[in-house]
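All remarks here apply to the structure that follows.
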């Protein structure tokens, strides 16, 4: 199977319909079977059609595609879209009813041309596969028009999915074009409701999200991406600044209960969606009250995520009936088997709070001034406890946590705050704006250095770090160049505090080995997945190397896992997206006794794998609207001792509208035949 | 949408059709083209709302951009070259219109929009006479079940103008785009019948016959009407309107987007005209002899009798009540009749109940009365404080300005009120005080500004220290205890209204009619000074009044203490006497309350009421009733048979705002002239005509007739000193002179203790947005959407009392009991009640006795 019969995907026509001999080899990032079982017979979308099965009824599929676009998704807000897709839908219906004439088929081309003037891309992009179908399968259309029997085909089931490049790239799949348009239309409340459908922590992800969506913004192909994240903040701030009550009303209480381990983004998100459905959720959080939020709280400093604003998002979730039991560590204060016995389902979202060792001489000696890890430092500082930090602080690492540490060190009163990173500034995994922020606050950087030894005095107090300079080595077998120490370049950075911040792992010690819950070698929880394979028979995997389509139930029935402990340490938005899915699966499991993924869930994964954004697409548009940046407090005073006031200040509403008006609203619909 | 925080270039130079123009950055191609006089066809573009880009008719070519761009919503870029018309573009426009016409009903013969339809005009203009596209016909149901409006979605081209006007201008969000694909229509979100402001601004915005006015349907083709520009005769916003008249009858009121109010009206402005056609109009003079009923008489009989009897009684035994409804000229003539012909300074009006004393106070503190600037200044405010006003109910034009400021200028909004209003959703802070505690609350805001150190330059204004020391003796604890608003809320609000560019302060009914008006108004004025609202960079202070010409009426000397132009007797009585060729009594006359006292004591024996209904308006209805019964002569000059008119010895039928020429002065001091759209109904006459005739009959020495308006204006201008001879407003001959002194001063605050409530509930009165005064209760249109006075009560109290919407409750005060229908409303706090004051029944002023509202009452199931 898996052989491509015909394709126009991406504008490249592959026609293996009537080839004698070897068909043209071509592959797409699609599984051979939609859900691991039902063969994928055809794919239809914004970039063309792909047929894997020659018995697909192309006219019927085309008619169905246009009908779904027109009746389910066409917003009606521009003339060509509203009327053009109606004319097309009726035209294809007429074809199938054998009431059309050949001349009608010519109108398809006229309309495809006219629909280029649509306001957005949904209807416009829908004409692409439709036009391709009529052009390349004209005889099949004529078979309907001219003969009684129609083309030689087998009926199919069609499954569709609406998407957009940004929406696809967002791990939580927020309907970004919709909320952006709502902000543009002064509908802040509606915008926030749209966000909340997939993102229950809007104030958080409006501030600290690394916004992968913006890397897939089609406006980038014109000028710069829409400031999607700050628009999300706008919607959330609007509700707060106008003292509006969140509109969510949970469904009537059901008598089924769910225990959730961890009040971090995954735990909170799962609780939010389960509570909306009426399930009684209890979250067990190891930290005391006032410090809910998991890594968002203790891992993200208050100058980026003000506590009161985070707490508001948590309070909203609690007001929906979610109970949070603080100061209760699962595995110590209550056991996991106990939870499993007490509740109908358990969701594990403990996060990844254990610092990774640095691998440097002396780190295990318990020196004074050598702190256990960045994440511990941030937590202690956040909770207002002694951090053990001195006056001259060295942080080792290049991620956001390392940056947070150097910036927090200043606010904790460090006279000097230095970041040591073994690669160059450009290669830092930390977000650029965070690095720039640290720069502005007076953090010193030492790039391309590797700490080799901790230097202490006779009282075992740290006095410095010995480092060696790094340079790019020769390409290895895979062609990648790795940094290598430059011989003789050793030097000492004087300091009284060293904070390793090179990553963290989940701490899964609370899971008893006899529960049947598998753990990977990266210390993450194993969950069940669909056997999706490509044409070559290889498993489809996500960007973290996990199986692509996971139902998030562990091998222990009734126990689910999500967040950093399931994905591996990633982002708030990834945890939220993952936990939202877990909530849906948990609900199915509670109601139907089966933990499975819906067709829409699977389609989400498929599209993410296929990729919706095309950075090479030529987008014709006038580049006359500049991207708006949010207001920000500038100057070193913002990082003075004890000053944790928010640094970034968001948009004014009118700026938000202007920014939202830049959105090209890149909706498109994909449909498969199975 | 020009506000961009990180905008580098300030202007852009672009070439359109070969012509160059430089425009501010952020300008759209459409606007840039308009600068050059190049017109690009549009259908969905509406200047006053955000752009939509729905119709796609305005496509233009931009050199280097492969697709056509829509001119209406594409900002220019420096250096671009735009072409607005090519064969390809014209083809796209024609094809787009062809698509628009797919299944568009061709019921133009019975469509209300025929003759004023943008779709017709565009198709005609682009010569769209054939259609190559077609689709299956599906007709969508027409909404016949809405009140006042009808919606035919089949005619809709989805331009979104109505939705945007409703959301961005009116702030109601009553209609939305619903459903998908070709079935996408404009409807209420719930699909229930429309329940909204009924301002009809959506009808005005609709380019087709989708949203139409039901009262206007089949009244005539648009071109069959005589259209006369006018000034709305309902609230104090002074909106510019157009009366559409046929056969001497007003059948429609519209407003153009080119007007001062951008075409935006309220339910009263758009639909209240039905009052003018009401069967309740009095259209012939009536007289009662002895104990008989009122009977029709001739004008000569009526006027002759009025003249004779007024003259007989004469001097200080006669009193007059002027009208905030009639024109400036008519009020001037009214007081001239009393002062000049009858020799009585006993003239007053319903403004005595609050607006007049509040403005005397404001004048003493700031040197002017009414609004500082014209109300458009509010749109540019960075912060707005609205104190004790339901803006839409009291003066909708102000509400629209506030919504503009909030929506387009990021203004922060602080509302001070004891009940929620329709602007609450925009409020950054809602300081919900206990009814009657407004003076305390605003004093608290004054104090919070000082406590936060936000007074800025205002510390140099005279009286600052005395204000400061007076506030020191008011503790936040006491303020909180009395108002129910915390210190933290007050401090937060103080932060919101200071340091934000410019602040506007608006104060309304609950301040002006407060039992402690003096401190409430002083606190509002102080707040304006503290926030810089009255300074050159400020956005002004604005008192509100429900009626169209209260400000003008006072300007014209309808009060016992001032001559026209606020001249005192000792200063100007002789001058006026000389001009009028008579002797003007040189001592102040009796005010409204003293007039009632004097009627009771027999000192005043004749009362002439013009365009006012004291029985309905004054507190203690029974007392007023007895007093009026005691009069030897009660003359009522009105357009309706009001409760007071029913008691009159002589009724003189007058004309509506559409039936006369003259000028009105809005509370923000805009003086606007207008001419008559129709003749007075039946035998009725304009108030000016009646007054001039009477004047001539009573004091023939100063011949009043025939006196032209120009002569009259000259006289008013010369004597009052209020106006410049040449007007600075378009279409008006009397531009009001800026009668401002440079003075501004703080005054100390000492709010009076609130009375101990003797009964569990507190009853307030006020306005609804669907009515204006009692006038619109004569309009079948307004009555259709708000037909009776309901008692608003918090849902919690309603539940506790076991009553639901529509049940009856007996309301008992110390003076009386009345029965009202219940309407639970989340706008009310527990323990608070609200009744609109428009309706003649029930007689709410029975409850008040000598007291003022808010009033302590008890509730019981009826």
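Worth pointing out:
- Spatial extent of chain B: Rg and Dmax, with the Cα atoms as the point set, Å: 28.4, 90
- Cα gyration tensor, the stretch B:746-862 - rounded (a/c under 1.5), prolate or oblate: oblate
- Ranked by how many other beta carbons lie within 10 Å on average, peptides A:145-158, B:159-172 from highest: B:159-172, A:145-158
- Kirkwood hydrodynamic radius (C-alpha pairs) into Stokes-Einstein, the protein assembly as shown, 37 °C and 0.692 mPa s, D in µm²/s: 89 µm²/s
- Among A:564, B:348, A:315, the ranking by other beta carbons within 10 Å of each residue's beta carbon, starting with the fewest, stands as A:315, B:348, A:564.
- Legend: mean number of C-beta atoms from other chains within 10 angstrom of residue C-beta atoms, peptide A:618-627, equals 6.
- Computed extension length for residue A:615-residue A:383: 79.2 nm, one decimal, from 0.36 nm per residue of separation with the Cα-Cα distance subtracted.
- Estimated from the Cβ-Cβ distance and a Förster radius of 35 angstrom, the FRET efficiency linking residue A:515 and residue A:26 is about 0.15.
- Taking 0.36 nm per residue of separation and subtracting the current Cα-Cα distance, fully stretching the chain between residue B:788 and residue B:630 would add 53.7 nm.
- Eigenvalues of the alpha-carbon gyration tensor of the stretch A:517-646, scaled by 5 and square-rooted, set the equivalent ellipsoid semi-axes at 35, 25, 15 angstrom, largest first.
- FRET E, pair residue A:594, residue A:254, Förster distance 25 Å, beta-carbon r, rounded to 0.05: 0.90
- Prolate/oblate/rounded call for the stretch B:346-472, Cα gyration tensor, a/c under 1.5 rounded: rounded
- Modelled this way, with points 7 Å down the Cα-to-C-beta line, the labels at residue B:145 and residue A:148 are 4.8 nm from one another.
- Cut-off 19 Å (backbone N to label point 7 Å along Cα→Cβ of residue A:436), residues of the stretch A:616-643: A:625-639
- Distance from the alpha carbon centroid of the stretch A:386-440 to that of the stretch B:417-491 works out to 45 angstrom.
- Residue B:568-residue B:646 FRET efficiency (beta carbon distance; Förster radius 60 Å; 0.05 resolution): 0.95
- Taking a ≥ b ≥ c as the square roots of the eigenvalues of the Cα gyration tensor, the stretch B:527-639 is oblate, since a/c reaches 1.5 or more and a/b is not larger than b/c.
- Between the stretch A:86-121 and the stretch A:557-621, the C-alpha centres lie 35 angstrom from each other.
- Angle between chain B longest axis and helix B:299-313 axis [Cα atoms, degrees, rounded to 10]: 40 degrees
- Take the Cα of residue A:139, go 7 Å toward its beta carbon, and the backbone nitrogen atoms of the stretch A:86-109 under 18 Å from that spot belong to A:102.
- Sum of -39500 (n - 2.57) over DSSP H runs of 4+, divided by residues of chain A (222 nm, nearest 500): -10000 deg cm²/dmol
- 222 nm mean residue ellipticity, helices alone, for chain B (DSSP H n ≥ 4; -39,500 (n - 2.57); rounded to 500): -8000 deg cm²/dmol
- Cα long-axis angle, helix A:400-411 against chain A (0 to 90 degrees, to the nearest 10): 40 degrees
- Per-residue average of Cβ from other chains inside 10 Å of B:174-186: 5
- Between residue B:583 and residue B:814, the distance separating the two model label sites (each 7 Å from Cα on the Cα→Cβ line) works out to 4.5 nm.
- As a proxy for reagent exposure, A:279, A:55, B:562 were ordered by neighbouring Cβ count within 10 angstrom, fewest first; the result is A:55, B:562, A:279.
- Extension gain (nm, one decimal) between residue A:342 and residue A:37, 0.36 nm per residue minus Cα-Cα: 106.2 nm
- Exercise: per-residue mean of other protein chain Cβ atoms within 10 Å, B:68-79: 3
- Counting neighbouring beta carbons within 10 Å and listing from fewest to most, the residues B:576, A:347 come out as B:576, A:347.
- Spin-label pair residue A:480/residue B:192, simplified geometry with 7 Å Cα→Cβ offset, distance in nm: 6.1 nm
- Here the peptides A:431-438, A:11-18 are ranked by packing, the mean other Cβ count within 10 Å, and the order with the highest first is A:431-438, A:11-18.
- Compared with the dominant principal axis of the Cα atoms in chain A, helix A:432-441 is inclined by about 30°.
- Sorted peptide list for B:230-243, A:297-310, criterion being average Cβ within 10 angstrom, highest first: B:230-243, A:297-310
- Cut-off 13 Å, label 7 Å out along Cα→Cβ of residue B:127, residues of the stretch B:72-100 by amide N: B:87, B:90-91, B:94
- Inter-centroid distance (Cα atoms) of the stretch A:542-556 relative to the stretch B:59-102, Å: 49 Å
Where a number appears in this text, it was derived from the coordinates with a stated rule and is not lab data. Fair warning: this is a prediction, and the values are worked out from it, not measured in the lab. We place every Cβ from the backbone using ideal geometry, glycine too, and count neighbours over all the protein chains shown.
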